[in-house]
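J.: Supplied in C-alpha cells, the structure appears directly below.
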Amino acid sequence: MTSAPGFRSSSPAPARPGTVGRQAITAADGRPIRVLVVDDEQALSELVGMALRYEGWEVRTAASGLAAVSAAREFRPDLVVLDVMLPDIDGLEVLRRLRADIERMPVLFLTARDDVSDRIAGLTAGGDDYVTKPFSIEELVLRLRALLRRSHLALETESSTIVVGDLTLDEDAREVRRGGEIINLTATEFELLRFLMRNPKRVLSKAQILDRVWNYDFGGQANIVELYISYLRKKIDAGRDPMIHTMRGFGYVLKPAA
C-alpha cells in the first residue's frame with residue numbers, strides 16, 4: 001500500500017470488527033457511529049475513512065472548512081476528525097461553527113504541526129483530542145473509541161475481555177489472568193498491556209507506545225517504555241513461555257506462546 005502524507009506506513013492495519021479484543025461501538029440509539037473526516041489530503045482521508053468503515057461506522061469526508069460545515073449540518077456526525085490547516089478557513093474556525101450547530105460532538109484535531117502552542121490552541125478552542133501527523137491509523141481509531149466512551153454518546157457491545165493465547169484482560173473489571181492465574185498490574189502496566197493485546201502479532205514502536213499509553217505527559221522519553229516492558233515481562237512471562245518479544249530496531253510485539 002502506498003502511504004499517504006500524514007500516515008505512518010509502518011503502522012498496523014485496522015482490525016475488522018469482531019476480531020479478538022475489539023468491542024463493537026454503536027450510537028446510543030443503536031445506529032452506526034457517524035464520523036466526518038475533514039482533510040484536504042485526499043489519500044489520507046481515504047485511508048482514515050477505510051479504517052473507520054472497518055469499525056462498522058458511517059463516514060463522510062470533506063476537503064475544506066466550508067464543505068465540512070455544510071456536510072456536518074446534513075450528516076449530523078457523532079465524531080469529527082478535523083485537520084487544523086485547511087485551504088479556506090482553518091480548523092479552529094470550523095470547530096466554532098460546528099459547535100454552534102451541534103454542541104455534544106467530540107472533535108479530534110489532526111495537524112502537521114508539532115508545537116505545544118498549537119496543541120494548546122486546539123484544545124482551548126474546544127477540541128477533545130489532538131494527533132500530530134504522521135500518525136498510526138490504529139492509534140487514531142483507539143483515540144476515537146476513547147472519545148466516544150468518555151462522551152457517553154455510544155454503546156459498547158460484546159465482551160469486554162481481550163484474549164491472546166492463554167492471556168486474558170477484562171477491561172471492565174480491570175483484571176488480568178494468564179493460564180487462569182490472576183496477575184496484579186499497576187494502572188500504567190495495565191494500559192501498556194491492553195495496547196499490546198489490542199494489537200497481537202503486530203510490532204509496535206516505542207514512539208507509538210509512548211503516544212498511546214503516556215500521551216504527551218512524559219516528554220517523549222523512550223527509556224520509560226523499556227522499563228515498563230521489563231515490569232510486564234516479570235509479571236506476564238516469568239516462569240512461562242514468553243509472549244512479549246523485542247524486535248530490535250523496530251519495537252515490541254505480543255503474541256501467543258509457541
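The values are calculated or read from the model by the stated rules, or taken from the named source; none is laboratory data. Note that the structure is predicted; figures quoted are calculated from it, not measured. Cβ: placed from backbone, ideal geometry, glycine included. Neighbour counts: every protein chain shown. SASA here: full protein model, heavy atoms, side chains in, ligands and nucleic acids out. Shrake-Rupley method; radii C 1.70, N 1.55, O 1.52, S 1.80 Å.
J.: Please work out if Y228 is modelled with pLDDT of 90 or more, in a helix (DSSP H, G or I), buried (at least 16 other Cβ atoms within 10 Å of the Cβ) and among the hydroxyl-bearing types (S, T, Y).
T.: Considered against the rule, which asks whether it is modelled with pLDDT of 90 or more, in a helix (DSSP H, G or I), buried (at least 16 other Cβ atoms within 10 Å of the Cβ) and among the hydroxyl-bearing types (S, T, Y), Y228 comes out as yes.
J.: In the stretch 231-241, which residue that is assigned to a loop (DSSP other than H, G, I, E, B) and open to solvent by less than 70 Å² (accessible area, probe 1.4 Å) is nearest to I209 (Cα to Cα)?
T.: That would be D237.
J.: Within the stretch 243-258, track down each residue that is surrounded by 13 or more Cβ atoms within 10 Å (Cβ to Cβ), in a loop (DSSP other than H, G, I, E, B) and modelled with pLDDT under 95.
T.: Within the stretch 243-258, K255, P256, A257 qualify.
J.: What are the residue pairs meeting all of these: first residue in the stretch 224-243, first residue of a type in the set (F, W, Y), second residue at pLDDT below 95, Cβ atoms under 7 Å, and 6 or more apart or on different chains?
T.: If the second residue must be at pLDDT below 95, the pairs left are Y228/T188; Y228/E189; Y228/L192; Y231/E189.
J.: Quick check on the stretch 3-22. Is at least one of its residues modelled with pLDDT of 75 or more and at negative phi?
T.: no
J.: Report, ordered by the first and then the second residue, all pairs with beta carbons closer than 6 Å, sequence separation of six or more or different chains, a first member in the stretch 17-42 that is farther than 27 Å from T111 by Cβ and open to solvent by 50 Å² or more (accessible area, probe 1.4 Å), and a second member that is of a type in the set (V, I, T) and modelled with pLDDT of 75 or more.
T.: Qualifying pairs under 6 Å: V20/V163.
J.: Among the residues of the stretch 70-83, which ones are open to solvent by 10 Å² or more (accessible area, probe 1.4 Å), free of Cβ contacts under 8 Å to residues at least 60 places away in the same chain and under 26 Å from I25 (Cβ atoms)? Walk me through how you get there before you give the answer.
T.: Looking only at the stretch 70-83, we keep the residues that are open to solvent by 10 Å² or more (accessible area, probe 1.4 Å), and these are 70-71, 73-76, 78.
Filter once more, keeping what is free of Cβ contacts under 8 Å to residues at least 60 places away in the same chain: 70-71, 73-76.
Answer for the stretch 70-83, where residues must be open to solvent by 10 Å² or more (accessible area, probe 1.4 Å), free of Cβ contacts under 8 Å to residues at least 60 places away in the same chain and under 26 Å from I25 (Cβ atoms): A71, R73, E74, F75, R76.
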